Every structure is written in C-alpha cells, then in structure tokens.
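Below: one structure, written as structure tokens.
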Amino acid sequence: MLAQALLAAGAGEQEEAELALCTLAAVGRVLSGRICWSGGHSGCRKAISVARQGEAVSDTGLSWSARLAGIWGRAESTVTKIVLVVVFALGLVAQFVKPVGDALQDKVYLGGALLTAVGYVLYSEVQRLNAVHTTHQETEQSLAATVRRLEDELQRLNQVLRPRVTPAALRTEIRQAVEAGGEVHLAAMSFTGETFVNPVKSMLYNLSRDPARSVHVRVLVPDFTKEIDVPGQVGAGGRICDAPEFREHLRRMVVEHELRLKAHIRRMAARGQGTLTVEFRVLHVSPLRKLYFINTGVAYEGLYDKLDLRPDPDCAAAPGPDTAEGDLLDILGGSRLDRWSLDNGEQDRKNLARCREFFETLWQGARELTPTTPPPTRPDVS
C-alpha cells in the first residue's frame, strides 16, 4: 500500500486521488478483519466485495466473517507491527531522501489515514483490555456467588448431619485451652454450675507451672433466693409451685461451687501456675438453657429438656396433708450439646454471636452472688 503511494508521487491528480481512496478503504478493511491483500485497484474492489459477502456461511458451518475474524485475530499483532515499522521507515526515508520527502509533502490525507489506523489499533487494544477486565470481574462475582451457595448448602447439611457433641468434648476443649497458657476466658450459664465447675477445678489443680497464665471464669446461675416454680414442687391437684427447701439446697450447692473454685486462686499463685479470677452472678430466671464459652471463638449450647418427678425427701420425713402430692419437679440437661465455632462457617459464626449476645445481656442484668443470704421461708403449699 505504502509502496504504491510512493510510486504514484509524480502521477496525475486523478490517479493520486483514486490511490488515496483505495488506500483508505484497504486500511479500514484490513483493520476490521474483513479483507485479504490483493494487488492493484482491482484487488481493493475484490477485497471489498469479499468483505460484503462476509455473512455467507462456508461449507464448514462457520460464516466467512467469523473465519476472517479468527484469521485477523491471529495476524493482528504481526500486521500492526509491520504497519508501524513501515510508517517509521517511511518517515526516515522522507527525511533524508528529498524526492520521497517532496512526494509526500502534500499527502495530508495519506498521513491522516495512517494516523487513524494507529489510533484504531490503540482503541481496539483498549477495548480488548476492557473486555478482559469485565470478564474477569464477572468470573470473580460468579465464583463468589458459587462459593456462598456451596457454603450455605454445607451449613444446611451440617445442621442435618452434624453429630451433637457430649460434655466430654467440652471438658477436653476447656482443658486444652487452659493448658495452652496465656489469657483464657471461660464462661458458663447453667443450673447450678456443677457440670462446668467440677471439671474446671480438676484441671486447675493439675496445671503445669506457668506464671504468665491468666484464667478468668464467669458463671451465671438462677437466683435461688427468690421463689421459682421450675424447679419446684407439685402440689395439690398437680399444680406446680415453689419448693423452698429444695431451692435452698440448690443455693448452697452454688455457693459451695464458688468457694471451692475461688480456693484455687491462692493455690495457683503459690505454685506459680498463673492467676485466676472467679465471678458468680445470679439472675431470677428458670434454668432452661445452658451455655459454655471458651474464649471468644467457641460456644457450646444445650437445653434442660428433661423433667424429673420424684418424691420430696422433706415431705417423706415430715408427713403432712399434702404428702401424697409433694413430689419434686427437677430439671435435667440433655447429654448432647451443639458446638459453634468461628472456624466452621458463616452459620456457626451467627450462632456463636447469638449465644454470646444472649449471655452478655443476662450477665449485665444479673447481680453478684451473696453467700450469706439467709434461707427463704417456706410458704404454705395447697
């Protein structure tokens, strides 16, 4: 194309105009991927005719435009480099070879055509990069959506298939956390705290020496200094009411657990096992739910979902008119717990946050345990 322009530098105006028009048409068709090179003006007309028939379907089932687009996609880089090299070489020749420079001096349209070709190449490259970036973003979004769907499905299957753990797993994890050293936060909300306190006491007694260890224990239990129906007593006609003697027995159990746990404070300090803080709080509520926390990343959750109806030993020792119906209604916890962890997916994190918020709300509204609280008086049971 450029060689033809040089040879036609001294020809007539009509031939130059025709050559320039052919050059513009050829460059445009080449860059759009719709032309094959041919010689002369008749070659340009033939290429344009072929491009106009590009929508025709070949024998292989692909349109001519698709085939030519594929060929151009493979040859685009080479053609672009050749065009740029030719433009560069032409500029150097025109600078030092006077006849060539004079011939190209007034060819403004030819220079504009070449500049347009370069601009089109740059525009196509930018479009290609934008398309790649858009495709990459769409792929990332699609993958993220797929991951979320898989995670939700996994959590749903976990809810259906996950085996509930036993209190033994809770004790094992508490022991591992305490033995690991550092700062450990343990918390529990339960009936009397017995299931939680007894294994913790045993672990603290057998700890290795670690002055840097710091263990913080919080326990929330029902306020057994106030009347409560469950646990309680079954009175006349099957009515459930408060059982003061049994409630006092539970209160003393809680106080004993607190005192025995606090006894480890001085012992741990003396043995260089670390420091220990213990805080018990009480809240006027029926114990229907149990929660256990190990630091901020693990929670165990269970229910007191069993009722135990048994004879009241106080009524058996001192028979009265309601002795036949003086059975105690106690509550028992199930032998299985749900374990929620920050490392087990989004649903576990939501459950852990729910349990933590529930516990902290009740903890803030509770009051400190008062070991010297006098036992309550027993109301009449009828």
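Values quoted throughout were computed directly from the atomic coordinates according to the rules given, and no laboratory measurement underlies them. Computed from a prediction, not measured in an experiment: that's the story for all the values here. In this analysis, Cβ positions are derived from the backbone assuming ideal geometry, glycine residues included, and neighbour counts consider all displayed protein chains.
Here are a few things to note about the model shown:
- Once the Cβ-Cβ distance of Glu368 and Glu346 is raised to the sixth power relative to R0 = 35 Å, the FRET efficiency obtained is 0.45.
- Given in Å, the Rg to one decimal and the Dmax to the nearest whole number for the Cα atoms of the range 241-282 are 14.5, 49.
- Distance between the pseudo-spin-label points of Val230 and Val132 (7 Å out from Cα toward the beta carbon): 6.7 nm.
- Most to least packed among 190-198, 269-277 [average Cβ atoms within 10 Å]: 190-198, 269-277
- Potential extension, Asn198-Ile265 segment - 0.36 nm per residue separation minus Cα distance: 22.6 nm
- Between Leu84 and Phe96, the contour length at 0.36 nm per residue exceeds the Cα-Cα span by 2.4 nm.
- Once the C-beta distance of Ala69 and Leu283 is scaled by a Förster radius of 56 Å, the resulting FRET efficiency is 0.15 to the nearest 0.05.
- Burial order of peptide ranges 251-259, 64-72 (average beta-carbon count within 10 Å, highest first): 251-259, 64-72
- Fully extending the segment from Ala180 to Thr296 would add 40.2 nm, taking 0.36 nm per residue of separation and subtracting the current Cα-Cα distance.
- Under Karplus coefficients 6.51, -1.76 and 1.60, residue-wise ³J(HN,Hα) of the range 228-242 in Hz, glycine/proline x: 8, 8, 10, x, x, 9, 8, x, 4, x, x, 6, 8, 9, 5
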